[in-house]
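Student: What follows is a single structure, and I will ask about it in a moment.
Please treat every number below as a calculation from the coordinates, not as lab data. Note that the structure is a prediction, hence the values are computed from the model and not measured. Note that each Cβ is placed from the backbone with ideal geometry, even for glycine, and that neighbours are counted across all protein chains shown.
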Amino acid sequence: MHSFGQANDSPTYTEDILPIFTSTCLDCHGPDEARRMLNLRLDTQDFLRSHIVPGDPEASLIFQRITVEDGIRVMPPTSSGRTLTAEQIETVRLWIVSGAEWGTELTGDERAELEQAAERQVVFAREVRPILSRNCFQCHGPDDQNRQMGLRLDNPEGFAGHPGAFGGPAVIPGNAEDSLMYQRITAEAESFRMPRDREALTPDEIETIRLWINQGAQWESHWAFIPPELPTLPNTSNPNWIKNSIDNFFLERLDQEGLSPSVEADKATLIRRVTLDLTGLPPTLEDVDAFLADNSPNAYEKVIDRLLQSTRFGERMAVDWLDAARYADTNGYQTDGERTMWRWRDWVINAFNDNMPFDQFTVEQLAGDMLPNATLDQRIATAFNRNHSLNAEGGIVPEEFLIEYAVDRVATTSTIWLGLTMGCARCHDHKFDPLQQREFYEFSAFFNNIDERGKGFKYVNSPPFIAAPTNSQQEQLDELDGRLAQARVEFAAMEEAIELAQEQWEDALLGATDIDAEVDWNLRDGLVVHHPLDGDISGVHAGSLAEATLENGLPHFVDGRIGAAANFDGERYITAGTSPNLGYENEFTLSAWVFPTTDTGVIFSRANEGDQGEVGWGIYLEEGKLRLNLTTRVLDDGVAAETIHSVQLNRWQHITATYDGSKTPGGMRVYIDGVSQELEGLLDLVGNRLPQRYPLRIGASGSSKPNFQGNLDDVRIYDRVLTPEEVAVLATVDSISQIARIDSADRTTAQSDKMRLSFLNQYASPDIRAAYSEVRELERERKHMWDGFPTVMVMEEMFPRRPTYRLNRGVYDAPAEEVFPGTPSILPPMPDGEKNRLTFANWLVNPENPLTSRVAVNRFWQSYFGSGLVKTADNFGSQGEFPSHPELLDWLSVTFQESGWDIKEMQRLIVTSATYRQSSAVTPEMAEMDPENRLLSRATRMRLPAQMIRDQALAISGLLTERIGGPSVGPYQPDGLWDDIVERGQEYRLSTGDDLYRRSLYTFWKRTRPAPAMITFDSSTRETHIVSSTRTNTPLQALNLMNDVTYVEAARALAQRAMQQGESANDSLVICIDSPPPASRMLMCFPYSPVLIPCIWKCMNPIGQPHCNLFQRVSPPVMRL
């Protein structure tokens, strides 16, 4: 550029001004008609002269625009990175002052050079990378194992080529014609053209690559992996339109594209739109009237604040999160048995209503159990990563499904928080993103250390799970605990009196004659079966005398441990009814005195021979060891454990086995002579229910197992788990009179316990017995209450850690090297120190992580505008779409973090913007220039999500039951919905009363047969995580609205309301659409009103009775405008 210091050394256009405009302005104001903005050309005299006043820069529009401050947008836009320097602005000023001389006219060659220089500037990240990702990365991307010819095109080093394969670099910056990549994509011969075996690149794609190479082939890292920075707010051409900073970014883009924003929607439309968006329900007529009557400047903001404080907000936000978290009420797979997870669903609702910061929301769901002094709610939160399907089928390999569960957690977590498709790196390095297979398994190591089983339980929660009382239940428990604590204090205060009274009682025993107390008096609590076998085979079942039958011989009794005992010779055995019913989920205690003469045999059982071995429960001798068995299939469906040490033959021993209903060997205890034994777990694969149709057999089972040989005495079954102290007392045969003769210092613990319990239960004074009984009753009441609490499956660490391996081809039984917890190298590293789920969760929400906040705000945006700023909400990788407004995405991301991850504030920011408030009316210009509304020159017209369609019908009809949380409910579904897909015993349970009309997010969700009405409207099946839904249009949707029982009842309820309150058809339509309808819509909706309205009276039968089909014409509006 010249240096202008002489009066006669004035700048000219062709020599001094044109180079400035070429580098800064001609991309949008040059010879390219397709890209020319505002029909302004700066490369010809005719166009230019109309915007310049020679000699007067201040009056020249061009000079005004390049120097403007405060209020009017500077040109070129600051976001373009090509604003003029002070020296360039001074050159333009001097040129105008000196008369704006044009200089020598351009020659043809100069004009061609100008047009070439003015070609659009190609942005690699926005335009070139997507082409390469779609067409080239599969063979020339990050996957080392499948990369062809050693050429890598996903990093800048790869473009240097490799001479052995190509004879030179793949790309020569500034020279497309000599670049081998360009030669290959433009080759005419199919054998030489790339990509091979696929469609050739389009002419536009080839031209983009040519321009990029010729412009220097500048490389840019993938935008999503660069930490966001807070961009400067763009200046705008219409500051009066702006409501908040979001609008600056949109208005700038609209100006660049030659579009104007739409006018603000009318107030009735606005309140309907924002109420549906923030609560999932329509506004009431009273809400609408109040808003229309409020003319204050902040009337709209007051509506927003009210909606954000509504408990409906949490329900609305939870719907999307439940889809993402694959929440369901069943396990999936073939059996698809029921589980209980609704306490986590309620946690999500409460978290949104309480405005839990998103970073805390993240940490608690991924690692709440690992927080110091974790609360019940924090443990419930971790159910997020137990929401996946669980396989309870017979014959599966548990180790395989442990891998599947970890893989699911990787895919879900990486999609929801990182927007990455990490699941694509399970079998090999990712073909499109810089994610290695090893990194996939390092990531999975965070989730592969859960103390869980590969084969789930069919019909209940699989461990680990916890009791999760609701708030009201917790209040009841706290009140009961208070009473129990007080009762214990009062009883403890009587200790001295008890000691004295017991001494006096024992002294009386010593002075008495012929006193021999019964041994079982103190263990009747919970005793459901008792066969003393004291000269008689009959017994007591559930408090009533039960007849018994001796099979294969005559009764034979011998001296027993307590009186007489029954002898069994390996042939004879006793059958004694069909009680009790003991299943996998029941707790119980089995006990007897045994005198075995052989080391193998059935002590007592309720079992039979099945297709795959013994079916039922029993306690056995197996080569001298005591075994407790509950099996449906011997090899893969049941729970069993046996003692490490053996019983002794030919001597009396007392045996006891307890089981706590946990469906695991860990819930079993076995005692010999009152001493707990070390156990080995033999089977830990509960799936089906335990059959209950076999009789109780003493000394045998109905299977091929050998019968017992020896003597049995005092057979007992309790419906509870006896404490170790109670077991020891049961194993003590000394009478209380015999124990009384033993000095208290010389008694065994069991003897002392027996005396104390005997005294407290039977011989103490009424006030002592009452105090003791009060404690026992309250303890039983507490246990009964606790057993009735809902449970929820949670995350729980294993110690020591379960090893994790990279799996060849992703196959569970092909482990390669061991790997340890880690994160992808493309992202910022985790801090030094221990790497576990908690440190991982904190890493996710670290401000240095470039993805988490971007992904979150993008999904928030998607819920209001139909698609996110990144349209591919589940993929921020190279296969994903470039952001429509990248600077806005970064601004929202940083703002979200700086707000303290305030979820409600982010929603408020979005819905108070002028961009959100626009009318959804579409002009022909908008339809042509922005058919998908990616520029948001208008509001997006969207159909309501599936759940909201049903909820709206219930709300406007007055049927909706509004109650937060609780167990899932069964609204109307087609008859026989589950008949063809479930095992015997599973039936759809139709709710009654108010539960029929609860919000749709409370609907019982069966993965293999979800609610048809919701699936018809594109709801997720919840078989896997979904963060963006598709929208279809099918005849089934209209038929559903006309015929589904819920909508028919809603229509009748609305008609009933109209009749009772004297409302017109117009009034009813206002209720449905929240604003007075135009006459054309009334005529469209009620063409048969003379026939329809009288018919309503005939439809006034009670809700739930047969319907009048005529009234099914009226269906709720399904659009949100």
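Student: Given the C-alpha centroids of segment 812-846 and segment 658-682, what is the distance between them in whole angstrom?
Tutor: 38 Å
Student: Report the charge-dipole magnitude of segment 891-1009 in Debye, nearest 20, computed about the Cα centre from +1 at each Lys and Arg Cβ and -1 at each Asp and Glu Cβ. Each step should come with its number before you reach the end.
Tutor: Values: 16 positive and 16 negative charges, 30 e Å.
Approximately 140 debye in magnitude.
Student: Put +1 on the Cβ of every Lys and Arg and -1 on every Asp and Glu Cβ in the chain; which of 509, 544, 591 then has its Cα farthest towards the positive end of the dipole?
Tutor: 544
Student: May I ask for the distance between the Cα centers of segment 406-472 and segment 922-980, given as a whole number of Å?
Tutor: Cα centres, segment 406-472 to segment 922-980: 30 Å.
Student: Now for a different question. Quick check: residue separation of residue 1039 and residue 704 times 0.36 nm, minus the Cα distance between them. What number comes out in nm? Numbers along the way, then the final one.
Tutor: Values: separation 335, 0.36 × 335 = 120.60 nm, distance 5.86 nm.
Once the chain is fully extended between residue 1039 and residue 704, it gains 114.7 nm.
Student: Residue 354 to residue 240: FRET efficiency via 1/(1 + (r/R0)^6), r the Cβ-Cβ distance, R0 30 Å, to the nearest 0.05? Present the calculation step by step, with values, prior to reporting the outcome.
Tutor: Values: r = 37 Å, r/R0 = 1.24.
Between residue 354 and residue 240 the formula returns 0.20.
Student: From the C-alpha coordinates alone, can you work out the Kirkwood hydrodynamic radius of segment 251-396, in Å?
Tutor: Kirkwood hydrodynamic radius for segment 251-396: 18.5 Å.
Student: Please list the radius of gyration and Dmax for segment 674-776, considering alpha-carbon atoms only, with Å as the unit.
Tutor: 19.3, 55
Student: Amide H neighbours of residue 551 under 5 Å, at least 5 residues apart or on other chains, H built in the peptide plane: list them.
Tutor: Correct list: 573, 574, 575.
Student: I need the calculated FRET efficiency for the pair residue 545 and residue 397, taking r as the beta carbon distance and R₀ as 56 Å, to the nearest 0.05.
Tutor: Working: r = 49 Å, r/R0 = 0.88.
Once rounded, the FRET efficiency stands at 0.70.
Student: Figure the gain on full extension for residue 233 and residue 51 (residue separation times 0.36 nm, minus the Cα-Cα span) and round it to one decimal in nm. Provide the component values of the computation, followed by the final result.
Tutor: Working: separation 182, 0.36 × 182 = 65.52 nm, distance 2.77 nm.
Answer, rounded to one decimal: 62.7 nm.
Student: Which of the residue pairs 302/1006; 267/904; 455/1006; 458/705 have a Cα-Cα distance greater than 30 Å in the structure shown?
Tutor: Details: 302/1006 40 Å; 267/904 22 Å; 455/1006 19 Å; 458/705 28 Å.
The answer is 302/1006.
Student: Taking segment 673-734, which GluC sites (Glu not before Pro) meet the DSSP loop condition and have no more than 13 other C-beta atoms within 10 Å? Mind showing how you got there, number by number?
Tutor: Values: sites: 678, 680, 725, 726; in loops: 678.
Those satisfying the criteria are 678.
Student: Arrange 225, 137, 192 by Cβ neighbour counts within 10 Å, fewest through most, would you? Don't skip to the end; give the middle numbers.
Tutor: On the way: 225 18, 137 22, 192 10.
Least crowded to most crowded, the residues run 192, 225, 137.
Student: Just want the answer: with Cβ charges of +1 for Lys and Arg and -1 for Asp and Glu, which residue in 293, 967, 788 is farthest toward the dipole's positive end in the chain?
Tutor: Selected residue: 293.
Student: Taking all pairs of distinct Cα atoms, average 1/r, flip it, and tell me the Kirkwood hydrodynamic radius of segment 397-476 in Å to one decimal place.
Tutor: Roughly 14.6 Å, rounded to one decimal.
Student: So, one more: Name the residue farthest towards the positive end of the dipole of segment 524-650 from the options 526, 635, 649, assuming +1 on Cβ of Lys and Arg, -1 on Cβ of Asp and Glu, about the Cα centre.
Tutor: Of the listed residues, the answer is 526.
Student: Quote the charge dipole size of the chain about the Cα centre in Debye, to the nearest 20; the model charges only the Cβ of Lys and Arg (+1) and of Asp and Glu (-1). Show your work: numbers first, answer last.
Tutor: Numbers: 102 positive and 162 negative charges, 576 e Å.
With Lys and Arg at +1 and Asp and Glu at -1, about 2760 debye.
Student: Another question, if that's okay. For a quick check: sort 413, 284, 421, 1032 by the number of other beta carbons within 10 angstrom, fewest at the front.
Tutor: By the 10 Å Cβ count, ascending, the order reads 1032, 284, 421, 413.
Student: Divide by every residue of the chain the summed helix terms, -39500 (n - 2.57) for each DSSP H run of at least 4, and state the resulting mean residue ellipticity at 222 nm, rounded to the nearest 500 deg cm²/dmol.
Tutor: Values: 40 runs with 396 residues, N = 1121.
It lands at -10500 deg cm²/dmol.
Student: Give, rounded to the nearest 20 debye, the magnitude of the charge dipole that segment 124-220 has about its Cα centre when Lys and Arg contribute +1 at Cβ and Asp and Glu contribute -1 at Cβ. Could the numbers behind the result be given before it?
Tutor: Details: 10 positive and 15 negative charges, 28 e Å.
Dipole magnitude for segment 124-220 comes out near 140 debye.
Student: On to the next question. So if R0 is 30 Å, what FRET efficiency would residue 221 and residue 101 give, r being the distance between their Cβ atoms, rounded to the nearest 0.05?
Tutor: Details: r = 45 Å, r/R0 = 1.50.
It comes to 0.10.
Student: Also, quick follow-up: Residue 189 versus residue 927, label points 7 Å from Cα toward the beta carbon: distance in nm?
Tutor: Label at residue 189, label at residue 927, 5.0 nm between them.
Student: Continuing with the same structure: What does the charge count around residue 856 come to, taking other residues whose C-beta lies under 12 Å from its C-beta (Lys +1, Arg +1, Asp -1, Glu -1)? Intermediate results must be reported in sequence, preceding the final value.
Tutor: Details: positive: 854, 859; negative: 320, 359, 902.
Result for the neighbourhood of residue 856: -1.
Student: Could you work out the Kirkwood radius for the chain, taking every pair of different alpha carbons, averaging 1/r and inverting it, reported in Å?
Tutor: Values: mean 1/r = 0.0278 Å⁻¹.
Evaluated on the chain, it is 35.9 Å.
Student: Using per-residue counts of other Cβ atoms within 10 Å, averaged over each peptide, order 880-889, 972-981, 210-219 from highest down. Please report the intermediate quantities before stating the final value.
Tutor: Working: 880-889: 20.8, 972-981: 13.1, 210-219: 18.0.
In descending order of packing, they fall as 880-889, 210-219, 972-981.
Student: I've got another one for you. Just the number, please: percent antiparallel of the DSSP beta bridges in the chain, rounded to the nearest 5.
Tutor: Roughly 95 percent of the beta bridges in the chain run antiparallel, per DSSP.
Student: Can you put 936, 259 in order, fewest other beta carbons within 10 Å first? It would help to have the intermediate numbers written out before the result.
Tutor: Details: 936 24, 259 19.
Going from least to most buried by this count: 259, 936.
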